[in-house]
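Novice: Next up is a structure, given as structure tokens.
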Amino acid sequence: MEAARDGLFQWANVPLGPGAAVRETHSAVVVLLGDRAYKIKKPVDLGFLDFRSVESRRVACHRELALNRRMTPDVYVGVAEVTGPDGAPCEHVLVMRRMPDERRLALLVRSGVGVRSDLRQLARDVAAFHASARTDQAITSCGSAEALAARWRSNTEGLRELGPLLVTKATLDEIEELALRYVGGREPLLSSRMRAGLVRDGHGDLLAEDIFCLADGPRALDCLDFDDRLRWMDVLDDVATLAMDLERLGALQAAQSWLSDYAEFSGVAQPVSLSHHYIAYRAVMRAKVAAIVERGSVQADSAAAAEQTRTLALLGLSHLRAGRVRLILLGGAPASGKSTLAEGLGDSIPAAVLSSDRVRKELSGIPPTQHVHARFGEGIYTPEFTSRTYQRLADQAERLLALGETVVVDASFSTGEQRELLRSVGHLTSADVIELRCFAPKEALEGRLRSRAAQPAAFSDADSDIAARMTATTDPWPEAQAIDTQGAPADSLRLALRSLARV
């Protein structure tokens with residue numbers, strides 16, 4: 001059933017006696033009698049749907065029945081005909097099993113009732129539904145970068161037209177810029193998901209108001225039925241709808257658990273940045289719907305819809321910011337603490353960590369922990385071999401960034417050419433490039449080099465002489481933010497994370 005009291009569409013409750021009521025949405029009237037719910041389409045034209053003719057309402061009822069029976073066959077009973085005095089059908093009614101209002105997921109969440117087990121079961125059910133859901137070439141095409149960008153433009157343009165007084169221009173500009181920038185650099189990610197069959201004929205509208213937590217398991221009702229192409233989506237996009245709605249209701253932990261459980265039951269790794277992106281998309285899309293309601297509502301409802309529009313737009317913006325793909329160039333002299341900091345950043349962000357020491361030895365066919373005793377600029381440390389190493393780092397970073405992963409590149413970055421090579425990768429993949437340079441007092445560096453020499457498993461081969469010569473020949477790096485690593489690793493990590501938060 002479409003949304004309830006403090007959902008985007010307001011119910012008008014009309015008591016009919018004990019246990020009976022009429023509830024009205026923007027496109028339907030639902031009569032609740034006994035253990036049944038009878039849904040009648042309104043003869044309205046809302047632009048995105050047109051129910052003005054009896055035949056269009058008949059088709060819509062049968063379509064809603066067939067689509068919702070995919071997930072909840074025991075709830076959607078059938079379509080009944082209402083006949084006129086002449087015996088001819090004059091209306092069509094969708095007949096459903098009545099759901100207990102007190103078990104509505106949104107109500108349970110707002111009341112602080114634990115829903116962890118219900119959401120976990122729902123994640124299992126939705127993963128199974130997605131695994132068998134229809135897909136074909138037309139459906140798959142809806143998961144492309146081009147299709148996703150078009151949907152974003154439709155949302156932001158709609159909000160500019162419908163809600164110019166509800167969402168500021170600056171907010172909409174940032175939403176559009178971040179959304180399209182992400183999509184523009186993620187074509188390989190989206191294409192890989194299309195090839196993997198992850199674009200399906202989904203539910204399309206998994207909202208907490210339409211999910212009921214029953215003793216024998218949850219029921220997700222009211223899939224999106226008026227436009228197939230709005231239901232053809234990446235499965236993560238489908239799942240993100242409920243994650244967004246749970247967060248809107250203040251249940252952030254439940255939203256995170258829901259995503260984690262779905263990933264577990266689907267058996268598919270879901271990139272964190274893509275989860276943020278689709279949650280943002282769902283929030284901004286619902287903001288546009290709220291703006292439509294605000295335009296057509298009476299004053300009291302208009303105020304609530306206006307607040308929803310603002311709240312949802314800002315929620316979407318927060319996830320777009322959190323989902324930015326970043327390329328972090330983490331440099332510094334040997335023993336400056338960059339490798340330790342890189343590992344900390346990789347765990348904290350999280351991010352993929354690429355190490356020049358490891359890549360250099362992979363290229364040479366040497367185990368990463370085997371020490372190579374070579375003079376400065378010789379052996380596998382010649383300028384030519386170093387160039388090969390940085391090119392391999394750039395190639396690996398480009399692939400990971402295009403797949404939606406934030407990347408930390410741990411290397412000395414002693415020349416401007418090396419930095420520019422990686423910057424170009426960031427620009428190519430529409431990633432934010434952040435440059436950090438580790439430093440510590442000379443005494444600390446020398447102590448670390450001596451300690452490292454006694455560690456047979458250390459990746460780096462640099463000794464004090466090599467470190468001194470590298471430092472003397474390093475190009476200035478004014479673009480980098482300096483990170484003091486002379487303290488404990490946890491202190492350096494805090495400094496680095498603080499620097500990242502400012503960008």
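The values are calculated or read from the model by the stated rules, or taken from the named source; none is laboratory data. If you're wondering where the values come from, they're calculated on a predicted model, not measured in any experiment. Reconstructed Cβ throughout: ideal geometry from the backbone, glycine too, with neighbour counts over all protein chains shown. All accessible areas refer to the heavy atoms of the entire protein, side chains included, with ligands and DNA or RNA removed. Shrake-Rupley method; radii C 1.70, N 1.55, O 1.52, S 1.80 Å.
Novice: Being more than 30 Å from E443 (Cβ to Cβ), open to solvent by 20 Å² or more (accessible area, probe 1.4 Å) and modelled with pLDDT under 90: is that true of V268 here?
Specialist: On the way: more than 30 Å from E443 (Cβ to Cβ): yes; open to solvent by 20 Å² or more (accessible area, probe 1.4 Å): yes; modelled with pLDDT under 90: no.
When the stated conditions are applied, V268 does not pass them.
Novice: Okay, next question. Go through the stretch 17-31 and report how many residues are at pLDDT 90 or above and within 20 Å of D228 (Cα to Cα).
Specialist: Of the residues in the stretch 17-31, 1 are at pLDDT 90 or above and within 20 Å of D228 (Cα to Cα).
Novice: While we're looking at this one, here's another question. Considering only the stretch 146-261, give the strands (runs of 3 or more DSSP E) lying wholly within it that have at least 3 residues that are open to solvent by 10 Å² or more (accessible area, probe 1.4 Å) and touching a residue at least 12 places away in the same chain (Cβ under 8 Å).
Specialist: Of the strands (runs of 3 or more DSSP E) lying wholly inside the stretch 146-261, those with at least 3 residues that are open to solvent by 10 Å² or more (accessible area, probe 1.4 Å) and touching a residue at least 12 places away in the same chain (Cβ under 8 Å) span 217-220.
Novice: Can you tell me which residues in the stretch 22-34 are of a type outside the set (G, A, S) and surrounded by fewer than 16 Cβ atoms within 10 Å (Cβ to Cβ)? Steps first, please.
Specialist: As a first pass, look at the stretch 22-34 and keep what is of a type outside the set (G, A, S): 22-26, 29-33.
If the condition is that a residue be of a type outside the set (G, A, S) and surrounded by fewer than 16 Cβ atoms within 10 Å (Cβ to Cβ), then L33 is the only one that fits.
Novice: When you scan the stretch 51-66, do you find a residue that is over 30 Å from S257 (Cα atoms) and touching a Ser or Thr at 6+ places or on another chain (Cβ under 8 Å), even just one?
Specialist: Within the stretch 51-66 (the criterion being over 30 Å from S257 (Cα atoms) and touching a Ser or Thr at 6+ places or on another chain (Cβ under 8 Å)), the answer is yes, since at least one residue qualifies.
Novice: Output the residues belonging to the stretch 32-49 that are among the charged types (D, E, K, R) and modelled with pLDDT of 90 or more. Break it down into steps so the answer makes sense when it comes.
Specialist: Step one: filter the stretch 32-49 for residues among the charged types (D, E, K, R), giving 35-36, 39, 41-42, 45.
Within the stretch 32-49, D35, R36, K39, K41, K42 meet the criteria.
Novice: If we scan the stretch 315-335, do we find a residue that is touching a helix residue (DSSP H, G or I) at 6+ places or on another chain (Cβ under 9 Å), within 30 Å of E24 (Cα to Cα) and outside any helix (DSSP H, G or I)?
Specialist: Looking only at the stretch 315-335, we keep the residues that are touching a helix residue (DSSP H, G or I) at 6+ places or on another chain (Cβ under 9 Å), and these are 315-335.
Now drop any that are not within 30 Å of E24 (Cα to Cα), which leaves 315-316.
Keeping just the survivors that are outside any helix (DSSP H, G or I) gives none.
No, the stretch 315-335 has no match at all.
Novice: Could you give me the residue pairs with C-beta distances under 9 Å whose first residue belongs to the stretch 86-106 and is more than 16 Å from A20 (Cβ to Cβ), whose second residue is of a type in the set (D, E) and part of a strand (DSSP E or B) wherever it lies, and which are 6+ apart or on separate chains?
Specialist: Going by the 9 Å Cβ cut-off, the qualifying pairs are P89/E81; C90/E81; E91/E81; H92/E81.
Novice: Additional query: Scanning the stretch 302-327 for residues that are open to solvent by less than 40 Å² (accessible area, probe 1.4 Å) and more than 18 Å from the chain's Cα centre (by Cα), which turns out farthest from H276 (Cα to Cα)? Spell out the reasoning first.
Specialist: Quick first cut of the stretch 302-327, residues open to solvent by less than 40 Å² (accessible area, probe 1.4 Å) only: 302, 305-306, 308-309, 312-313, 315-317, 319-320, 323, 325, 327.
Filter once more, keeping what is more than 18 Å from the chain's Cα centre (by Cα): 302, 305-306, 308-309, 327.
Values: S302: 29, A305: 24, A306: 24, Q308: 20, T309: 19, L327: 17 Å.
Ranking the qualifying residues of the stretch 302-327, first place goes to S302.
Novice: Among helices (runs of 4 or more DSSP H) lying entirely in the stretch 398-503, which contain 3 or more residues that are within 34 Å of the chain's Cα centre (by Cα) and at pLDDT 95 or above?
Specialist: Details: elements: 416-428, 442-453, 464-472, 489-502.
Passing ranges, in order: 416-428, 489-502.
Novice: Turning to a different aspect of this structure: In the stretch 465-500, which residues are small (G, A, S) and farther than 15 Å from E435 by Cβ?
Specialist: Answer for the stretch 465-500, where residues must be small (G, A, S) and farther than 15 Å from E435 by Cβ: A467, A468, A472, G487, A488, A490, S492.
Novice: Given the options A306, A287, A280, name the one that is touching a residue at least 60 places away in the same chain (Cβ under 8 Å) and over 24 Å from G404 (Cβ atoms). It would help to see each step written out before you state the result.
Specialist: Details: A287 fails: over 24 Å from G404 (Cβ atoms); A280 fails: over 24 Å from G404 (Cβ atoms).
Exactly one residue qualifies, and that residue is A306.
Novice: Which residues, counting only those in the stretch 328-358, are of a type outside the set (G, A, S), in contact with a Pro (Cβ under 9 Å, 6 or more places away or on another chain) and surrounded by 21 or more Cβ atoms within 10 Å (Cβ to Cβ)?
Specialist: L341
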